[in-house]
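Visitor: Below you will find the structure I want to go over with you.
The values are calculated or read from the model by the stated rules, or taken from the named source; none is laboratory data. Keep in mind that this is a model prediction, so the values were computed, not measured. As a convention, Cβ positions derive from the backbone with ideal geometry for all residues, glycine included, and neighbour counts pool all protein chains shown. Only protein heavy atoms, including side chains, enter the accessible area calculation; ligands, DNA and RNA are left aside. Shrake-Rupley method; radii C 1.70, N 1.55, O 1.52, S 1.80 Å.
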Amino acid sequence: MFELIPAVDIKGGKCVRLYRGRADAVKEYFENPVDAALLWQDKGATRLHVVDLDGAFDGVPANIRIVEEIVKRLSIPVQFGGGVRTIDAVKTLKDIGVDRIIVGTVAVENPELFLEMVETFPGGMVLGVDAKDGFMTTRGWVEKTDLKAVDFAKRYENISIWGFVYTDISRDGTLEGPNFEEVANFAKSVRKPVIASGGIATEDDVIRLSKIPNVVGAITGKALYEGAIDFESVIKKLKGDL
C-alpha cells in the first residue's frame, strides 16, 4: 500500500517548513512539533517523517528530546533524518524507537562509516538521495557534488538498507509539483523501494506518484500545512474509497 507520509520539520524547537531547503526561508506552523505529529496521526497517517533541520545544517541532531517525545506519543512508526553523522547518533535514535533513519551526507563523504551505520541498524537505514539537476547534494542541501544521483544510489544497492528517499531539492517547499520524470527515472534505476519527496502541490500529484513503479510512498509537508491538499481526502482516494 502506497503511503502518504506527513513531514514534521523541526528548527529551533518548532515545526517549520523551508523554501527550496534554504535555512533563511523559514515559516513556522506549530509552536510544538508534537502537536503537529499527533494531528497527522489523528487524520490517518500510517507513518511520520521527522526532520531535524538544525541537525542537517550543523551536523549534529539538536532536537532529539522532541523526537523522543514524538515517538513515545505516537502509535505509528516514525522515520528520521537530519544531521545523523555518527554511530552514536544512530544508536541513540534506534534506542528511542525511531523506525527508520535517513542518512545522505555520510554516505557521500564517508562510505565506510555509512556501512558501519547499516551494520548497526540493518534494515533500518535509508539512503537519502537529495538531488539537484540529477546530482547529489550534501550538508543540508547546501553543497552540490559531481555524483550522479542514480550512480550514487547503485553503490549501496547490495547492502541491507531499507531503500531510498529521493528528494528533488529544487522543488522542495515550492508547491510547484514533483519532478515526475526524475522520480520515475530514479525509481526504475534501482531495485530497492523509493519514497519520493519534494514539490507536492495537489492531490493529483500524490495519485500520480502512487502510480510510478517502485515508488512506495511520498513525503509532503507544505501542501498539508498550507491546506493545498486535504490529507484525509487523498488517503481515501489512494484506498479507492473516492
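Visitor: How big, on average over all directions, is the shadow cast by the Cα convex hull of region 1-142, in nm²?
Guide: Numbers: hull surface 34.0 nm².
Value for region 1-142: 8.5 nm².
Visitor: In a GNM of the chain with a 10 Å cut-off on Cα contacts, which of ASP54, ASP146, ASP35 has the highest mean-square fluctuation?
Guide: So, out of ASP54, ASP146, ASP35, the one fluctuating most is ASP146.
Visitor: In 5 Å bins starting at zero, report the fraction of Cα pairs in region 65-116 per bin as a rounded %.
Guide: 4, 20, 31, 21, 12, 8, 3
Visitor: Before rounding to the nearest 500, sum -39500 (n - 2.57) across all DSSP H runs of length at least 4 in the chain and divide by the residue total; then give [θ] at 222 nm in deg cm²/dmol. Can you show the working numbers first?
Guide: Working: 11 runs with 88 residues, N = 242.
About -9500 deg cm²/dmol.
Visitor: When only alpha-carbon atoms are used, what values of Rg and Dmax, in angstrom, describe region 70-169?
Guide: Over region 70-169's Cα set, Rg and Dmax evaluate to 13.2, 41 Å.
Visitor: Further question: Relative contact order for the chain: what percent, with Cα pairs under 8 Å and sequence separation of 6 or more? Intermediate results must be reported in sequence, preceding the final value.
Guide: Values: 516 pairs, mean separation 42.4, N = 242.
With pairs under 8 Å counted, the relative contact order is 18 percent.
Visitor: Have a look at VAL84, VAL67, VAL216 and tell me which one the Gaussian network model of the chain (Cα, springs below 10 Å) gives the largest fluctuation.
Guide: VAL216
Visitor: Less than 14 Å apart at the alpha-carbon level, and either on another chain or at least 8 residues along: which aspartates and glutamates does that give for LYS237?
Guide: Here the aspartates and glutamates satisfying the reach criterion relative to LYS237 are GLU3, GLU203, ASP204, ASP205.
Visitor: For the chain, give the percent of accessible area contributed by carbon and sulfur heavy atoms, probe 1.4 Å, rounded to a whole number.
Guide: Values: 4650 of 10370 Å².
Carbon with sulfur: 45 percent of the solvent-accessible area.
Visitor: Next question, about the same structure. Multiply the residue gap between ASP133 and LYS211 by 0.36 nm, knock off their C-alpha separation, and tell me the result in nm, one decimal place. Walk me through the intermediate numbers first.
Guide: Values: separation 78, 0.36 × 78 = 28.08 nm, distance 2.29 nm.
Gain on extension, ASP133 to LYS211, equals 25.8 nm.
Visitor: Also, quick follow-up: Give me the Debye-computed log₁₀ of I(q)/I(0) at q = 0.12, 0.13, 0.16, 0.23 Å⁻¹ for region 1-80, equal point scatterers on Cα only, no solvent, two decimals.
Guide: -0.31, -0.36, -0.55, -1.08
Visitor: Now for a different question. Over what distance in Å are the Cα centres of region 170-242 and region 93-117 separated?
Guide: Here the answer is 24 Å between Cα centres.
Visitor: Below 18 Å, Cα to Cα, which lysines can LYS148 reach? Residues fewer than 8 away in the same chain don't count.
Guide: LYS132, LYS188, LYS192
Visitor: Provide the per-residue ³J(HN,Hα) series for region 5-14, in order, calculated from phi with Karplus coefficients 6.51, -1.76, 1.60 and θ = phi - 60°, each as a whole number of Hz, with x at glycine and proline positions.
Guide: Rounded to whole hertz, the list is 10, x, 9, 10, 9, 10, 9, x, x, 10.
Visitor: Related question: For a protection proxy built on the mean count of beta-carbon atoms within 10 angstrom, sort 158-168, 196-206 highest first, please. Walk me through the numbers before you get to the answer.
Guide: On the way: 158-168: 21.4, 196-206: 23.3.
Listed from highest to lowest mean packing, they are 196-206, 158-168.
Visitor: At each listed q (0.09, 0.10, 0.14, 0.16 Å⁻¹), what is the log10 of I(q)/I(0) that the Debye formula gives for the chain modelled as equal alpha-carbon point scatterers?
Guide: Here the Debye-derived log intensity ratios amount to -0.32, -0.40, -0.84, -1.15.
Visitor: What full-extension length gain, to one decimal in nm, is calculated for LYS236 and ASP88 as 0.36 nm per residue of separation minus the Cα-Cα distance? Walk me through the intermediate numbers first.
Guide: Details: separation 148, 0.36 × 148 = 53.28 nm, distance 3.99 nm.
Length gained between LYS236 and ASP88: 49.3 nm.
Visitor: May I pose another question? Please express the Cα-Cα pair-distance distribution P(r) of region 121-242 as a list of whole percents, one per 5 Å bin, running from 0 to the bin with the greatest distance.
Guide: Answer for region 121-242: a P(r) of 2, 11, 21, 22, 20, 13, 7, 2, 0 percent.
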